[in-house]
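Here is the structure we will look at, set down as structure tokens.
What follows is calculated from the coordinates using simple rules that are stated; it is not laboratory data. This structure is a prediction, so every number in the text was calculated from the model and none was measured. With ideal geometry, Cβ positions are generated from the backbone for all residues, glycine too; neighbour counts draw on all protein chains shown.
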Amino acid sequence: MTGRSFSRVGVVGLGTMGAGIAEVLARGGLSVVGIEVDRDALERGREHLETSTGRAVKRGRLTEEARREILGRVALSVDFADLGGCDLVVEAVPERLDLKRKVFDQLDRVCRDDAVLATNTSSLPVTDIAAGTGRPAKVVGVHFFNPAPVMKLVEVIATVRTEPDAVARVAELVKGLGKTPVTIGDRAGFVANRLLFGYLNQAAGMLESGHATRDDIDTAMKTGAGLPMGPFALMDLIGLDTCLQVLDAIYAESRDRRHAASPLLRELVTAGLLGRKTGRGFYVHDGAEAPAPAAEAPGGPPPVVGVVGVGPLADAIAALCDRAGSRVRASAAELAGCDLVIEAAEDAEAGRALLSTAAQAVKPGTVLAVTSADGTVIRQAMATGRPADVIGLHLPDPAATATAAPLAEIAATVATAPDVADRAADLAGRLGLTAVRCRDRAGFIVDALRFPYLNDAAAMLGAGYADADSIDAAMTLGCGYPTGPIADLDRLGLDRAVTVLRALHTETRDPALAPDPLLVEHVTAGRPLR
């Protein structure tokens with residue numbers, strides 16, 4: 001039998017997600033039976049379907065005739081017995097294990113013995129749901145992403161009891177619906193949520209620790225990492241209660257500290273501040289799109305910049321200055337007139353010596369910048385003899401400096417004078433950089449959040465849980481990332497990833513931040529992951 005042998009499909013639960021799944025199935029030409037708990041919920045489900053398809057007509061993605069045909073394929077009911085003729089039933093009720101088990105108990109009683117039962121859980125173990133049925137071999141996970149009619153990824157989850165034929169039929173059906181199926185094993189969070197929520201949770205912890213502000217973290221990840229949304233805007237969109245549920249489910253299985261929910265996140269949920277749906281979460285939502293408007297560009301002429309050191313970073317900074325109309329000075333004799341001197345050596349020891357020498361030549365008030373991202377700005381600063389003038393300056397994507405307005409992360413140490421970080425931010429802005437602030441810690445903001453997420457992906461690959469294409473598809477198609485984590489690791493450099501992760505592990509002693517053995521092995525072999 002093929003996936004197309006599913007001709008009549010049931011959907012239990014017609015909230016936003018369930019109604020979206022029903023619409024996708026009906027668009028694919030299947031007969032759909034939509035089930036809700038009572039008449040009021042059923043009418044809300046009907047409204048979801050009518051609103052979604054009506055919006056598609058207005059946008060020119062559906063004709064009115066096609067809309068009527070789609071809606072005509074969906075039969076709505078409050079009677080579970082109406083699922084008796086279905087080949088496949090998809091459960092899409094709220095993310096509570098007790099509720100899902102109750103639904104599957106009812107499905108077990110009314111569905112044909114050969115019917116496949118699927119759960120749309122985003123984080124709960126499919127095995128736990130299947131174990132309560134009399135047909136665990138015919139239970140699969142089928143995780144659609146919201147909004148289901150738009151998002152292309154569907155994670156198809158097999159337990160150790162699931163028949164291979166059931167998984168293959170569901171994956172073929174998903175492909176026939178125009179989606180991309182990624183078939184994986186039953187691990188809490190699967191691929192996309194396990195990777196995404198570790199990162200989101202770490203961002204919440206970063207805010208809670210005072211490392212950087214909410215707006216600077218969101219700006220850093222959008223501008224410096226190229227993500228469509230910052231972590232706090234995204235959590236508010238998802239719903240903080242949902243974030244907490246997913247984290248708790250993953251942590252219950254893995255005991256991984258990266259998924260132990262941030263106390264700040266738990267406090268917001270307890271207070272009923274759940275994000276956009278309640279009007280307030282990390283942001284206050286009053287009809288605006290959320291994050292605060294960007295700051296005005298700094299005024300004034302381009303600064304006079306000195307660059308000490310040679311290599312790709314020094315070349316990138318020189319290109320940036322050239323684009324901004326700023327002349328770069330590199331010789332010791334020219335440094336006296338600089339507003340900003342940037343150490344851009346490839347070796348930290350050499351950089352310390354170069355910056356210490358430069359510190360003796362510059363005028364009072366010149367800002368001295370250290371570019372190492374391993375949390376050692378303070379050591380470099382103390383070696384100069386004028387630590388009050390020293391800040392960390394990190395460009396997360398130096399290759400973009402010649403063609404775009406990249407990010408500059410500015411780290412103040414405990415010895416940095418109060419006004420120096422402000423002046424550094426102003427000078428960076430006059431060079432066309434978007435400046436954000438943080439403390440002197442390994443990885444600054446972007447690398448401290450990005451590389452642990454990439455390390456999690458490498459661990460998945462190394463464990464054989466999913467292949468490189470599946471992992472990358474999960475994050476690009478399921479989360480809207482511009483590139484997948486395996487591709488990102490090869491682009492950014494495995495040696496850079498290992499260096500930053502080792503610095504983070506040394507600083508925190510968190511085992512989850514130690515570089516995965518697969519990364520270390522590939523660095524040693526000089527081979528990319530692909």
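Would you please put 461-467, 273-279 in order of how densely packed they are, using the mean number of other Cβ atoms within 10 angstrom per residue and starting with the highest?
Values: 461-467: 15.6, 273-279: 18.0.
Going by the mean number of other Cβ atoms within 10 Å, highest first, we get 273-279, 461-467.
Computed packing ranks the peptides 202-211, 48-57 as 202-211, 48-57, most packed first, by mean other Cβ atoms within 10 Å.
Quick check on the chain: helices-only [θ] at 222 nm, where DSSP H runs of length 4 and up contribute -39,500 (n - 2.57) each and the sum goes over total residues. Nearest 500, please. Display every interim value, and only then the final one.
On the way: 20 runs with 235 residues, N = 530.
It lands at -13500 deg cm²/dmol.
Computed extension length for residue 524-residue 383: 47.5 nm, one decimal, from 0.36 nm per residue of separation with the Cα-Cα distance subtracted.
Projecting the Cα atoms of 116, 189, 308 onto the dipole axis of the chain, where Lys and Arg carry +1 and Asp and Glu carry -1 at the beta carbon, places 116 farthest toward the positive end. Dividing the mean sequence gap of close Cα pairs (under 8 Å, 6+ apart) by how many residues the chain holds gives a relative contact order of 10 percent. Given 37 °C and 0.692 mPa s, how large is the Stokes-Einstein diffusion coefficient of segment 111-164 in µm²/s, with Rh as the Kirkwood radius over Cα pairs? Roughly 281 µm²/s, to the nearest whole number.
The Cα atoms of segment 45-164 give a gyration tensor whose axes a ≥ b ≥ c have a/c of 1.5 or more with a/b greater than b/c, which makes the shape prolate.
If R₀ is 45 angstrom, what is the calculated FRET efficiency for the pair residue 278 and residue 319, using the beta carbon separation as r and rounding to 0.05?
Working: r = 46 Å, r/R0 = 1.03.
The formula returns an efficiency of 0.45 here.
Dipole check for segment 305-431: with +1 at the C-beta of Lys and Arg, -1 at the C-beta of Asp and Glu, and the Cα centre as origin, the magnitude is about 320 Debye.
Eigen-decomposition of the gyration tensor built on the alpha-carbon atoms of segment 308-464 gives equivalent ellipsoid semi-axes of 26, 18, 15 angstrom, largest listed first. Straightening the chain between residue 50 and residue 110 buys 18.8 nm, computed as 0.36 nm per residue apart minus the Cα-Cα spacing.
For segment 439-486, report the % of Cα-Cα distances exceeding 16 Å.
Pairs farther apart than 16 Å: 43 percent.
Normalising the Debye intensity of segment 192-278 to I(0), with uniform scatterers on Cα atoms only, and taking log10 at q = 0.17 Å⁻¹ returns -0.66. Any lysines with Cα under 25 Å of the residue 152 Cα? List them, leaving off those in the same chain fewer than 8 positions away. The reachable lysines, counting only those whose Cα sits under 25 Å from residue 152, are 58, 100, 138, 175, 179, 222, 277.
Above 28 angstrom, tally the Cα pairs of the chain and express them as a % of all pairs, no decimals. Distances greater than 28 Å cover 59 percent of the Cα pairs. Placing unit charges on the Cβ atoms only, positive for Lys and Arg and negative for Asp and Glu, gives segment 450-525 a dipole magnitude near 240 debye about its Cα centre.
For segment 1-60, just say rounded, prolate or oblate: build the C-alpha gyration tensor, square-root its eigenvalues into a ≥ b ≥ c, call rounded for a/c under 1.5, and beyond that prolate if a/b exceeds b/c, oblate if not.
Numbers: a/c = 2.94, a/b = 1.20, b/c = 2.45.
It comes out oblate by the Cα gyration axes.
Here each label is just a point 7 Å from Cα along the line to Cβ, and for residue 357 and residue 78 those points are 8.3 nm apart. Given +1 at the Cβ of Lys and Arg, -1 at the Cβ of Asp and Glu and no other charges, the dipole of the chain around its Cα centre is 520 debye to the nearest 20.
Exposure proxy for 123, 7: other Cβ atoms within 10 Å of each Cβ, ordered fewest to most, give 7, 123. In segment 450-525, the ratio of gyration radius to Kirkwood radius, Rg to Rh, stands at 0.96 when only Cα atoms are counted.
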